[in-house]
Amino acid sequence: MTDPSPSLIDRLQAAASAAREQAHAPYSKFKVGAAVLDEQSRIFAGCNVENAAYPLGTCAEAVALGAMVVSGGKTCSHVLVIGGDGDLSPCGGCRQRIAELCGPDCIVYAVAADGTALKEWKMADLLPNAFSFDR
Ligand code: THU
């Protein structure tokens, strides 16, 4: 699925935005939400969860992907992240996390916290030649 209806983007954005409201980001103050669509057309959301031991903080994408996996989801086709003022994109670690669990045509969207500035990439362009054991 590479050409979603606008309503799919709207639904992903609504889920990610609601998750972003729950972000635990007392250190960076940078709240992020993420939503993923799995192969059963289910949406799972996550927020960033920071920690006083800074390296232990978790990105929103990791939380959303974990929610998908624990519910039996195998593959995501769309990922949407929301936060910041228009320059957000998944960090390198999350690109690898998404690559592990996404289908070949996965699309990644980024939206500013105010819902504007929609950006879109093919996951393959965000992390070309991703490390893999060829599942
Ligand atoms: N963060 C995410 O959750 N996702 C991203 O795509 C970029 C960054 C979080 C990590 C940290 O809690 C905060 O944003 C600032 O880097």
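Taking every residue in the stretch 84-104 that is under 20 Å from GLY72 (Cα atoms) and among the aliphatic types (A, V, I, L, M) and pairing it with any residue that is open to solvent by 30 Å² or more (accessible area, probe 1.4 Å) and modelled with pLDDT of 95 or more, at least 6 positions away or on another chain, the pairs with Cβ-Cβ distances below 8 Å are ILE98/LEU127; ALA99/LEU127; LEU101/VAL69; LEU101/LYS74; LEU101/THR75.
Are any of the residues in the stretch 12-30 assigned to a helix (DSSP H, G or I), within 13 Å of the ligand (Cβ to nearest atom) and open to solvent by less than 20 Å² (accessible area, probe 1.4 Å)? Walk me through it before giving the result.
We begin by selecting, within the stretch 12-30, every residue assigned to a helix (DSSP H, G or I); these are 12-21.
Adding the requirement that they be within 13 Å of the ligand (Cβ to nearest atom) leaves 16, 19-20.
Add one more test, that the residue is open to solvent by less than 20 Å² (accessible area, probe 1.4 Å), and what stays is 16, 19.
Yes, some residue in the stretch 12-30 is assigned to a helix (DSSP H, G or I), within 13 Å of the ligand (Cβ to nearest atom) and open to solvent by less than 20 Å² (accessible area, probe 1.4 Å).
Scanning the stretch 84-125 for residues that are within 11 Å of the ligand (Cβ to nearest atom) and either over 12 Å from GLU61 (Cα atoms) or under 11 Å from the mean Cα position of the chain (by Cα) (or both) gives GLY84, ASP87, LEU88, SER89, PRO90, CYS91, CYS94, ARG95, ARG97, ILE98, VAL108, ALA110. Criterion applied to ALA45, ALA35 was being closer than 13 Å to LEU65 by Cα, in contact (Cβ under 8 Å) with a residue 40 or more places away in the chain, touching a Lys or Arg at 6+ places or on another chain (Cβ under 9 Å) and not in a loop (DSSP other than H, G, I, E, B), and the one residue passing it is ALA35. Report whether or not GLU39 is surrounded by fewer than 19 Cβ atoms within 10 Å (Cβ to Cβ) and among the acidic types (Asp, Glu). Yes; evaluated as a whole, the condition is true for this residue.
Restricting attention to the stretch 42-66, and to residues there that are within 19 Å of ILE107 (Cβ to Cβ) and open to solvent by 10 Å² or more (accessible area, probe 1.4 Å), which single residue is nearest to the ligand (Cβ to nearest atom)? Even if it seems obvious, please write down each step before you answer.
Kept after step one, since they are within 19 Å of ILE107 (Cβ to Cβ), are these residues of the stretch 42-66: 42-46, 59-62, 64-65.
Subset that is open to solvent by 10 Å² or more (accessible area, probe 1.4 Å): 42-45, 59, 61-62.
On the way: ARG42: 21, ILE43: 17, PHE44: 15, ALA45: 12, CYS59: 3, GLU61: 6, ALA62: 8 Å.
Within the stretch 42-66, the match that is nearest to the ligand (Cβ to nearest atom) is CYS59.
The values are calculated or read from the model by the stated rules, or taken from the named source; none is laboratory data. Note that this is a predicted model, so its numbers are computed, not measured. Neighbour counts run over all protein chains shown; Cβ positions are idealised from the backbone, glycine included. When the accessible area is computed, the model is the full protein with side chains, heavy atoms only, and any ligands, DNA or RNA have been set aside. Shrake-Rupley method; radii C 1.70, N 1.55, O 1.52, S 1.80 Å.
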